Structures are given as C-alpha cells and as structure tokens.
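Peer 1: Just passing along the structure, written as structure tokens.
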Amino acid sequence: MVGVNAVAMGAALMIVLFNAVPYGQFRLSRASNAFVAGRLCEDGIMADYLNATCGERPHPLCAYKDRLPADALNGFLWSDTGFVRGEGLSLAEADSVLAPLVSDLLGRPEYAVRYARSMVRSTGQQLLQWETGAGLHAYGEGTSPHAHLWWRLPHEKAAYEESIRSSAAPGLTCPAGIGSWVRCCSCRFWRSVPLRCSASKPDQHALGAYGMGSELASSQCLRYLASLSIVDSRMQSRVVWLVPMVAVFLVSATLPPKRPVVGPEEATLDPAHT
C-alpha cells in the first residue's frame, strides 16, 4: 500500500514539475479557471451571472453571454466558436482572463449554492457511467496524442500506426449491459467471499479492503472531475473493472489447491520412510 500510494504521489509531483519547469508555476493545472468557467455554463449559472453583472463589470466573456454552450469542453474550450478559440487564447491565457470572473461568481452565495447543487447532481450521474470501453478510439493525425508521440517518441511511429489501439479495430468496446452485469456479480462476490475467508488469511481481507478503498478513492476523483469539468463515460470506464478484478482475486484465493502430480515411483513409497 505504501508503494502504491508513493506512485500516486509521484504522479502528482510529476504533473506539478511538468508545469513548474517550463512555466515556473507549481500547480496541478494551469487552466483550472477555464475548466470551471466552462462547467458553470452547463446549468445556466454563468449566463445568469453575466446577465446580472456585465452592465457594471465588463468582461470579454460578456460578448458570448447569449450563446454560451451547454458543454464545458467541446463547446467552451475546444470549439472554434467558443470563448477560448474565439478570442485566440491559449488555455493558460484564458485561465488568467477568467480567474477574476470565476472568483467573483463563486464568492456570491446565490451562485455558489446553485453550483453546489449542480455538483451533487453531476456526481450521481458520473458514478453511474458504466459504459466500459468509452473513449477507445483512434487518435490520428491532428490530435494532441498523435502530435506528441511523433515529437517525443519518433521511433514508436510504426508500432503505433499498426496497433489495434490506433486503428480502433472492432472488439475494443464492451456493451454497457455486459459491463453492468459483471460489476453487479462482482459486488455479490465481494460480500460473500470475505466472509468465508478464515482469520488465518488476512491478506484476502486486506485485498478486499484495499480494493474497496481504491474504488472509493477513484470515485472521489471522478466526482471532482464531474464537478470541475463534465460528466463523461470515458472517466468512469477507466476504473469500472477494478471491482471485478478484486472479485476474481478473492474467488481464486478460496478455491481448493490443486493436488500435486505424483509420479509412480513416489506413489509406491512408504510414507514412514519419506
């Protein structure tokens, strides 16, 4: 557990250093205000705020108040007609522009309460996104993964082009119904198997506890993603198989051990002389 947690902390440190070395900012994200601003557009919170304040507090986003998108990422951040690209800003520049606006909006109780309600609703929606395989499609030419791979790992070009992951061949996705059925059966095993484990096998209890803790921790991270960004199936699909994985380990641990294969010469030996 210490090793796994050390890896998680190391990953967070890597992201902070990734922003600190070239940009001098010790932050997990250089565009947090841009993502939150886009998230606030989804439930009409940003539109109501701009209608109420643009007269006294002019802001570049006021020009978009009548055509704010309902989707935080594709509409607000990535769309050619959205605020970020429409103003010709990078994500870091948009973050600086939107920071005062987001701070003022969340500092007003009426909008903060509406945002809190939206967070609760989006959390429930995100935790029910069990569509396994979501997001498994080819990232071809013109995408950020493709460009960075070509730039940083040019020797991997041929292998990437020929991979199943790149070609998005059939079979990468799993129907949502099958995923839900497997997950429900796994939860049933989680309840029954640890009860049959003896006290002499604490590792099985530890595995179940750690699996449950990991699932809760992953759900907590996804809750924040849904609150700060969007509700997206591909986020839940990354951890949806954690419960079945632990269930398989627990069931395997309770199976009777296989009898060793005994040769004819060992079978004829007298147990008293062995």
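Peer 1: Based on the mean of other Cβ atoms within 10 Å per residue, sort peptides 243-249, 22-28, 123-129 so the most packed one is first.
Peer 2: On the way: 243-249: 17.3, 22-28: 10.4, 123-129: 15.7.
Averaged packing, sorted descending, gives the order 243-249, 123-129, 22-28.
Peer 1: If I take every Cα pair under 8 Å that is 6 or more residues apart in the stretch 16-107, average their sequence separation and divide by the length, what percent do I get for the relative contact order? Walk me through the numbers before you get to the answer.
Peer 2: Values: 94 pairs, mean separation 28.3, N = 92.
Rounded, it is 31 percent for the stretch 16-107.
Peer 1: While we're looking at this one, here's another question. Rank Pro154, Gly3, Leu77 by how far each Cα sits towards the positive end of the charge dipole of the stretch 1-156 (+1 on Lys, Arg Cβ; -1 on Asp, Glu Cβ) and give me just the farthest.
Peer 2: Gly3
Peer 1: Put +1 on the Cβ of each Lys and Arg and -1 on the Cβ of each Asp and Glu in the stretch 16-107; which of Phe26, Cys41, Pro58 then has its Cα farthest toward the positive end of the dipole?
Peer 2: After comparing all options, I get Phe26.
Peer 1: Next up: Starting from the alpha-carbon convex hull of the stretch 16-107, give the projected area averaged over all orientations, in nm².
Peer 2: Values: hull surface 24.0 nm².
Quarter of the Cα hull surface area: 6.0 nm².
Peer 1: For a footprinting-style exposure proxy, rank Lys65, Lys157 by other Cβ within 10 Å, fewest first. Please list the in-between numbers first.
Peer 2: Numbers: Lys65 17, Lys157 11.
By the 10 Å Cβ count, ascending: Lys157, Lys65.
Peer 1: Mind giving me the FRET efficiency for Ser90 and Ala253? R0 is 51 Å, r the Cβ-Cβ distance, nearest 0.05 is fine.
Peer 2: 0.50
Peer 1: So what does log10 I(q)/I(0) come out to for the stretch 69-166 at q = 0.11, 0.13 Å⁻¹, using the Debye formula with one equal point on every Cα and no solvent?
Peer 2: Ignoring solvent entirely, the Cα scatterers give -0.59, -0.78.
Every number here is computed from the coordinates shown, using simple stated rules; none is lab data. All values derive from a computational prediction rather than experimental measurement. No Cβ is skipped: glycine too gets one built from the backbone with ideal geometry, and neighbour counts run over all protein chains shown.
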